[in-house]
1. Measure out, as a whole number of angstrom, how far apart the alpha-carbon centroids of the stretch 777-794 and the stretch 88-103 sit.
2. Can you give me the Cα centroid spacing of the stretch 507-559 and the stretch 173-224 in angstrom?
3. Can you give me the solvent accessible area of Tyr240 with a 1.4 Å probe, rounded to the nearest 10 Å²?
4. When the helices in the chain are scored as -39500 (n - 2.57) per DSSP H run of 4 or longer and the sum is shared across all residues, what 222 nm value do you end up with, to the nearest 500 deg cm²/dmol?
5. Kindly rank 247-258, 744-755 from highest to lowest mean number of other beta carbons found within 10 Å of each residue.
6. Can you pull the percent of the chain's accessible area that's carbon plus sulfur, 1.4 Å probe, other chains left in place?
7. Using alpha carbons only, how many angstrom separate the centre of the stretch 800-875 from the centre of the stretch 567-634?
8. What accessible surface, in Å², does a 1.4 Å probe find on Asp806, ignoring ligands, DNA and RNA and rounding to the nearest 10?
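The values are calculated or read from the model by the stated rules, or taken from the named source; none is laboratory data. These numbers were taken from a predicted model, which means no experiment stands behind them. Backbone-built Cβ (ideal geometry, glycine too); neighbour counts: all protein chains shown. Accessible surface areas use protein heavy atoms only, side chains included; no ligands, DNA or RNA. Shrake-Rupley method; radii C 1.70, N 1.55, O 1.52, S 1.80 Å.
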Amino acid sequence: MNHSLKLVILIISIVTGVMSAQSDIQASRLDQPLTVDGILDENLYRNPAFNYFIQTEPDNGSPATEQTEVWVGFDDAALYVGWRLWDSNPEEIVSRMARRDGDFNSDEVQFAIDSYDDDRSGFYFIVNPAGSIQDGTIANDGWFDDTWDGIWEQAARIDDQGWTVEMRIPFSQLRFNNRAETVMGLGLGRLIKRKNEHDLSFADPRGEPGIVSKFGDLRGIKNIKPPRRVELIPYTMANYSDLPSKEDNPFYQGRDRQAGIGTDLKLGIGNNLTLDATINPDFGQVEVDPSVINLSDHETYYDEKRPFFVEGASIFSFGSGGPTNRSNFNYASPEFFYSRRIGRPPQGDVDSDGWVKSPSTTRIIGAGKISGKLPGDLSIGGLSAVTHREFAEIDEDSVTFDQEVEPLTSYNLLRGQKEFQSGRHGIGGIVSYLNRGFDDRRLRSTLTDQAIGIAVDGWTFFNQSRQWALAWWGGYSRVDGSPTKLTDIQESYNHYFQKPGVSHIEVDPELTRLEGWAGRLFLNKEKGRLRMNTSLGFTSPGFESNDMGINFKSDQINKHLMVLYNWFEPGSFYRSAHLWTAAMSNHNFGGDKINNMYFLSGSIELLNYHSLRFMTGAGPRTIDDGKLRGGPMVASPAGFFSNIGWHSDGRKPLVYELDIEGGRGENGYWHYEVDPEILVKVSGQLSFRFNPEFYASRSVAQYVMTVDDPAATHMYGKRYILATLDRQTFESSLRIDYTMTPKLTLQAYFQALLAVGKYSDYKEFARPRSLDYIHYNQAGLEIRYDESNDEYYVVQTNDPVQHQTDDNFNYKSLVGSMVLRWELRPGSILYVVWTLNGENEEHPGDFALARDLNDLFTARRDQVLALKLTWWLGR
């Protein structure tokens, strides 16, 4: 090795060592706890402060423009953090109140701690000058999750020199390996909103993935004896419902009342694991789901909002570790765990034409989960829940009786993951198991007996710089049940085994067990201006995870290649820019190409902090194996789409956003959408977010129904009736956030939805795998209804007719909620929740905005008023 190279290596080593030392912080043991009041007058503040901060934005790598000083202390129970945020213009400090984990849009300080010192995970705590807080967990070296709410204290003050913050973070809220000296990773941050300046205690070069692995060290925590972690959180709740939609139902007579009590328990098992248990939980959510119109054959996916499931959910995340780019192009990866399966509405049918009172949710008898990270970078998680046997009450000719609509069900999940070399490599696994106990054997035709999922995942970065990465996962599914239920699954929207004209799948009416496989492989270039992401994924025809997870489509093989170029450094008129292109294709296991698209997209942030973005995509004609919902495969038309978007400077009191999209297909399909959004920050306590959206489309071949007709030999003895659907949708949402104090907040959310569809030009495909149609009004075909058999049929007539069924719709919905949240003390919260839900379906097929809005706002609405009190007892 020559002397010049040795000198270079020596200089790099010295610089790296100096920067690392600058990022390290020494904690001091306290003789007595700090008073958390934002006044820096204790002995801790006589020690030297940490003050090394550099910009990550806007001038990456430059010194911070304002001085920041930080002190860290500890005793056996907690960490204490003090901040002095010097400011040359304290009158310009941006201070806004916000609900917990809400968007501050203000100055803030950030304290992130890698308590396991694994360079991969951690907790973060954020405070702004008004005393509002955010907190959460970090996974995969930079994925932030705000669903965890810790029990900690903080105080902030603004003075003539800037502002100050004090924090007290109990060790009981952290997870760590307790040693004679406990070393933790530590990252500090400060946001100066008026300058859009973000300062950090460590270097974070633009374009370099990862956050936690760049932290400095927190040292000096020695010989601590943290108390055992025990938390008991009992609750009580009551609600009253006014239900005009059910005033004729003798079980409701327009009213309903409920009350309940229960408790949650958190128990620390050592310093690494936490046991969460709940008895008679209240798994209601305080924010309503948005209304949607779903004309597809797939179910609607809703986000989880129930605290028991969202807190710590990252430990059960599967197939997402390692590489940061997990792009999907027209491929929905199956999930082995979808928590909204637990407690969903009962799935059984009622065999009666009488009045019915069926539970809106399935009660959960009890649930528990264990999670944490053991020494050696081994993460484990387990969840188990048992749901109640549910019955519907039936009134048939004044005779009342019960009928089982949901059996006793057990949901179980295990997750483990082992990391190596500070997360450079990883391997893990997940197992799910569901079992149902039927009293009413009739339900076995509706639900499976049991379901099992087993899968493994992993990743590796090829070198120390982590520039290239490979990630993968593979899994197996099995469901057992009656032949009736297994036939129903084989013919369901994500399988369609009954498709005629194919040789690789068929329905087995005697089947009592269905098995399948799925997997995916990623190869990424993670660093540099030029990056790449490519993937190969598959879901076999028999894969089925919808009992505990969710799977939108089986029988597909997906491939994509994405190339991305980044401009990280500011130019003459922009701060950053990104441009990417991608190509993808899907095939089924029979070799048919069922999707093929090409994309080009880009975005740019201007010097004034406005941003622009665009995307366009186009695809040739392919084959659609689900268009006729179990019928023969037909052609999918070539088409294209484009969209553009603009976002204004988020620092301003008035923030605008606008997205416009449009597209066309070779068969005459078209759509366009206009989606503006306005955020009004009235004050530091009050904001409004208004989002009106208009969507219009013409679907030339919208599926309507299937009727048997032996004469339709061209389509295997059935007529798959389609129509032109002209659809107009107006949707408007309003969100109001009013923060009276950081612990007392009022949130309101309202959504009005108007969706109008008019069907015309009824038709069917002339033959499989084509885009040719037989138009009924030209061919003299008429759709008729036989009331005696309750079925439709098609007949030949002598005269052309314009066929009209009752498919037209004009669906109007108004949903809303108001939530008053009062944190009486850390972890103890009073909720007062009001919700409404109104619907109207008058004037089907005819869109008139003023009239339809009047119909909506004058329609009768169901309303619910609920109170819930939780009380935290712990240490």
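1. Between the Cα centres of the stretch 777-794 and the stretch 88-103 lies a distance of 66 Å.
2. Value for the Cα centre distance between the two parts: 37 Å.
3. 90
4. -1500 deg cm²/dmol
5. By packing density, highest mean first, the sequence is 744-755, 247-258.
6. Details: 20820 of 38480 Å².
Roughly 54 percent, rounded to a whole number.
7. Answer, in whole Å: 34.
8. Looks like 120 Å² after rounding.
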